[in-house]
1. Taking the range B:42-60 as the search range and keeping residues that are surrounded by fewer than 18 Cβ atoms within 10 Å (Cβ to Cβ) and under 19 Å from A:R25 (Cβ atoms), which one is nearest to the other protein chains (Cβ to nearest Cβ)?
2. Would you please list the contacts, defined by Cβ atoms under 9 Å and residues six or more apart or on different chains, that run from a residue in the range A:142-167 that is on the phi < 0 side of the Ramachandran plot and among the hydroxyl-bearing types (S, T, Y) to a residue that is surrounded by 14 or more Cβ atoms within 10 Å (Cβ to Cβ) and assigned to a helix (DSSP H, G or I)?
3. Return yes when A:D38 is free of Cβ contacts under 8 Å to residues at least 24 places away in the same chain and either farther than 23 Å from B:E43 by Cα or within 9 Å of another protein chain (Cβ to nearest Cβ) (or both) and no when it is not.
4. Among the numbered conditions (1) within 13 Å of chain B (Cβ to nearest Cβ); (2) out of contact with any Pro (no Cβ under 8 Å at 6 or more places or on another chain), tell me where A:A240 comes up short.
5. Among the residues in the range A:87-99, are any in contact with a His (Cβ under 6 Å, 6 or more places away or on another chain), modelled with pLDDT of 95 or more and over 24 Å from A:R168 (Cα atoms)?
6. Given chain B, what strands (runs of 3 or more DSSP E) lie entirely inside it while holding 2 or more residues that are not β-branched (V, I, T)?
7. Considering each of A:S179, A:S204 in turn, give the residue that is over 15 Å from the mean Cα position of the chain (by Cα), hydroxyl-bearing (S, T, Y) and closer than 28 Å to B:R25 by Cβ.
8. B:V39 - would you say it is under 21 Å from A:L46 (Cβ atoms), of a type in the set (A, V, I, L, M, F, W, C), surrounded by 13 or more Cβ atoms within 10 Å (Cβ to Cβ) and modelled with pLDDT of 95 or more?
Amino acid sequence: MTSRDGCLRIAAVGDVHMADDLRGRYAPALAELSGQADVLLVAGDLTQHGTLDEAAAFAEEFAAANVPVVVVLGNHDHHSGLDEEIAELIRRAGIAVLEGEGVLLDTPRGRLGVAGAKGFCLGFTGRCAANFGETQMKAFTQHGIDSAGLLRHGFDALDRAEPAADVRVALTHFAPTTSTLRGEPAEIWPFLGNHLLGEVIDASGADFAVHGHAHAGSERGRTEGGTPVRNVAQPVIRSAYRIYEIPVRVTAA
Amino acid sequence: MSEHTNQRVEQAIANDARTHELGVRIECIDRRVLVRGQVASRERRAAVLTVVREQLPEAEIVDHLRLSDATQPPSRTETIE
């Protein structure tokens, strides 16, 4: 029997919407992360208009974080059609950008696996798009379905890791549950999240999930299967980031 | 003014390259327009109000926008159970 004492400490924020007017706002707090957290997760909408200048501002600002940084993109990062270039620019700055991938981080307190994907709209029970009708409607719905498939690919990658991660976390921009959407008008929930993301998270045995996108939502919730979820959109958490301690699982040898 | 007007102005705020703010809500009451939501900086608040003014030049704008500019480190850590 092997076990590691304590918890992995995960800092997380989403929806920073970086542009020139926000330069210098996050760096002082990020410089305090070392010793407080093992990793920083950023849940999409790194930029406001999806431009390369804003992506560079994000990379420069978040270079102040003295822990590994893992991000997914959000819908704002796609707005100018430069999502691939933004991802590459941010990767060159040493930040992991996940879209259907998993990343493993060995920390003093254990091995962290993060599966990440942006996600997409689709909705939840009773308020869900159907893959039916017009070509445009089917394309919208299929993109939501595919986005959950990408998250599953991320967990598949973690499944193949040897040794296995001690803690498995899902990182998305769109919400995997309605429980963190409370505060948002129910009419727009289908544009804020996707029940298939929650299904993937529950099926994967994730320990924790973080997302953003729902600026008027609630911080704390769970998937239908009981996985803890936190909405870390900056307007929700009202700080530079949150820090969550995740108990490291005890693994039979 | 009407729901159509509210929607038209909200769409303008979402689509305008100066703003791209999706969380701003507009409510027109007689000749007054209430502007609600959160923005990240004073510059973004000014940009939103500019777009509203362009859309409704005759209206009296009531600014209820809030700044989500609290970016201090958190005061506590939460243990996930």
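The values are calculated or read from the model by the stated rules, or taken from the named source; none is laboratory data. From a predicted model like this one, the values you see are computed outputs, not experimental measurements. Positions of Cβ are backbone-derived with ideal geometry, glycine not excepted, and every protein chain shown enters the neighbour counts.
1. B:E43
2. Close Cβ pairs satisfying both conditions: A:S147/A:L196; A:S147/A:L197.
3. Criteria not met by A:D38.
4. All conditions pass for A:A240, except number (2).
5. no
6. Correct list: B:25-29, B:32-39, B:60-67.
7. That would be A:S179, the only listed residue that is over 15 Å from the mean Cα position of the chain (by Cα), hydroxyl-bearing (S, T, Y) and closer than 28 Å to B:R25 by Cβ.
8. Judged against the criteria, B:V39 is a match.
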